[in-house]
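> Handing you a structure now.
The values are calculated or read from the model by the stated rules, or taken from the named source; none is laboratory data. Predicted model, so just to flag it, every value in this text is computed and none were measured. Backbone-built Cβ (ideal geometry, glycine too); neighbour counts: all protein chains shown.
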Amino acid sequence: MSNNKYILGAIVISIALVFSACATLWNPLVNQRNAVVLVSTPSSLATGFIINSRGCVLTAAHAVYDSVSQEIRVDRPGIIPYLPYHTDIISEKHDLAVICPNNTFSKPPLFVTFSHTKQDFGTVVFLHGWYEKERAFVDRRGLVLDEISFSFSKIQYIDLFRTLFTKPIMGGFSGSPVVSAKDGSVVGLLVMYTMGPIPPDGYLGESLNAEEITNFLHENHIEHTDGLQSE
């Protein structure tokens with residue numbers, strides 16, 4: 001991709017940010033934020049999100065792959081305590097993992113909903129993930145640039161969409177949900193990102209789209225919700 005597309009993306013997202021700053025808009029992360037959790041292993045930190053009433057969490061497989069037989073902990077400060085989890089399904093090929101709690105929740109947790117809406121160029125999306133540098137969950141706003149597909153080692157990334165963000169995404173963002181600015185549903189899962197800014201001061205992230213994710217969940221008979229969840 002040429003720098004021209006990056007620059008065009010930066011201009012469009014800057015305009016979108018100006019308009020959003022001038023108006024009081026509904027935050028699409030409101031209904032999904034509390035379902036996002038920190039996934040901790042002995043060797044890594046990542047983001048994940050709850051996908052069903054059992055409290056199972058979807059995250060990037062590369063974040064937990066080396067800890068399949070080790071302790072995995074999930075927490076959300078002030079909402080979900082530091083709980084022990086185990087690996088239920090892991091696919092290195094798809095870079096997706098489902099981890100489930102060792103014990104039953106006392107009451108059903110909030111969980112996300114998926115949408116298969118195609119993310120075209122110029123679509124505004126939001127990201128909510130763990131930013132290790134600040135040791136906190138943070139929001140990021142981004143603009144979809146294009147779709148890509150590639151593979152390396154045993155991983156086959158099919159139908160990724162690339163997004164330009166104006167603030168850093170690194171150190172714990174793997175596994176973060178990408179949320180539609182239109183209806184607040186989850187449209188992707190972040191699997192990769194650049195470690196530094198690209199001209200002109202943007203940050204790239206690549207995400208699996210929701211259709212690829214829900215196909216994986218269907219194939220493995222994992223409970224989840226397509227469509228919008230009402231409060």
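> Just the residues that are at pLDDT 80 or above and small (Gly, Ala, Ser), please, taken from region 114-160.
SER115, GLY122, GLY129, ALA136, GLY142
> Please determine, by comparing only the residues of region 74-114 that are charged (D, E, K, R) and not in a loop (DSSP other than H, G, I, E, B), which one is nearest to VAL30 (Cα to Cα).
At the first step, the residues of region 74-114 found to be charged (D, E, K, R) are 75-76, 88, 92-93, 95, 107.
From what's left, not in a loop (DSSP other than H, G, I, E, B): 75-76, 88.
Working: ASP75: 18, ARG76: 15, ASP88: 28 Å.
Restricting to residues being charged (D, E, K, R) and not in a loop (DSSP other than H, G, I, E, B), the top hit is ARG76.
> Examine region 103-111 for a residue that is within 22 Å of GLY142 (Cβ to Cβ) and either polar (S, T, N, Q) or not assigned by TED's automatic domain parsing to the domain that holds THR163 (or both), and state whether such a residue exists. Show your work before the answer.
Within region 103-111, the first condition is being within 22 Å of GLY142 (Cβ to Cβ), and the residues that meet it are none.
No: region 103-111 contains no residue that is within 22 Å of GLY142 (Cβ to Cβ) and either polar (S, T, N, Q) or not assigned by TED's automatic domain parsing to the domain that holds THR163 (or both).
> Do we find a residue being buried (at least 21 other Cβ atoms within 10 Å of the Cβ) and over 26 Å from VAL144 (Cβ atoms) anywhere in region 94-111?
Checking region 94-111: at least one residue is buried (at least 21 other Cβ atoms within 10 Å of the Cβ) and over 26 Å from VAL144 (Cβ atoms).
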